Amino acid sequence: MGPIWAIRSLGNRLGFAWWAKIETNNPNAIYWFGPFLTRKSLNGKVSSFVQDLSEEGIGSIDHSIVRCRKAEPLTS
């Protein structure tokens with residue numbers, strides 16, 4: 001694991017990481033996408049993740065950007 005992973009991991013442990021919380025209906029699930037070092041870098045990637053879910057035929061999809069510490073599980 002490289003230095004970028006170590007920095008992201010540290011940022012997450014300290015609660016400074018950026019995450020996308022993606023909630024879906026049909027199936028009812030919450031997906032966590034991250035961690036990212038900056039909100040800008042997350043914003044650049046979250047749309048492709050949402051698009052992938054949409055292409056799988058998932059019902060409604062809502063997402064929010066949060067700065068927090070997140071541990072497993074990343075899907076519930």
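The values are calculated or read from the model by the stated rules, or taken from the named source; none is laboratory data. Remember, predicted model here, so these are calculated numbers, not experimental data. Counting neighbours? That spans all protein chains shown, and the Cβs are built from the backbone with ideal geometry, glycine included.
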Across the stretch 31-41, the tally of residues that are under 16 Å from residue 70 (Cα atoms), surrounded by fewer than 18 Cβ atoms within 10 Å (Cβ to Cβ) and of a type outside the set (Ser, Thr, Tyr) stands at 2
Please specify each residue of the stretch 13-41 satisfying the condition of being part of a strand (DSSP E or B) and either at pLDDT below 90 or among the hydroxyl-bearing types (Ser, Thr, Tyr) (or both).
24, 31
Going through the stretch 42-76 in order, the residues found to be surrounded by 15 or more Cβ atoms within 10 Å (Cβ to Cβ) and part of a loop (DSSP other than H, G, I, E, B) are 58, 70
Test each condition in (1) in contact with a strand residue (DSSP E or B) (Cβ under 7 Å, 6 or more places away or on another chain); (2) aliphatic (A, V, I, L, M); (3) modelled with pLDDT of 90 or more for residue 58 and report the one that comes out false.
(3)
Just need a number here: residues in the stretch 14-30 that are crowded, with 19+ Cβ neighbours inside 10 Å and in contact with a His (Cβ under 9 Å, 6 or more places away or on another chain).
2
What pairs can you find where one residue is in the stretch 5-34 and on the phi > 0 side of the Ramachandran plot, the other is aliphatic (A, V, I, L, M), and their Cβ atoms are less than 8 Å apart, with a gap of 6+ or different chains?
26/58; 34/17; 34/20; 34/42
Residue 10 surrounded by 15 or more Cβ atoms within 10 Å (Cβ to Cβ), of a type in the set (A, V, I, L, M) and outside any strand (DSSP E or B)
no
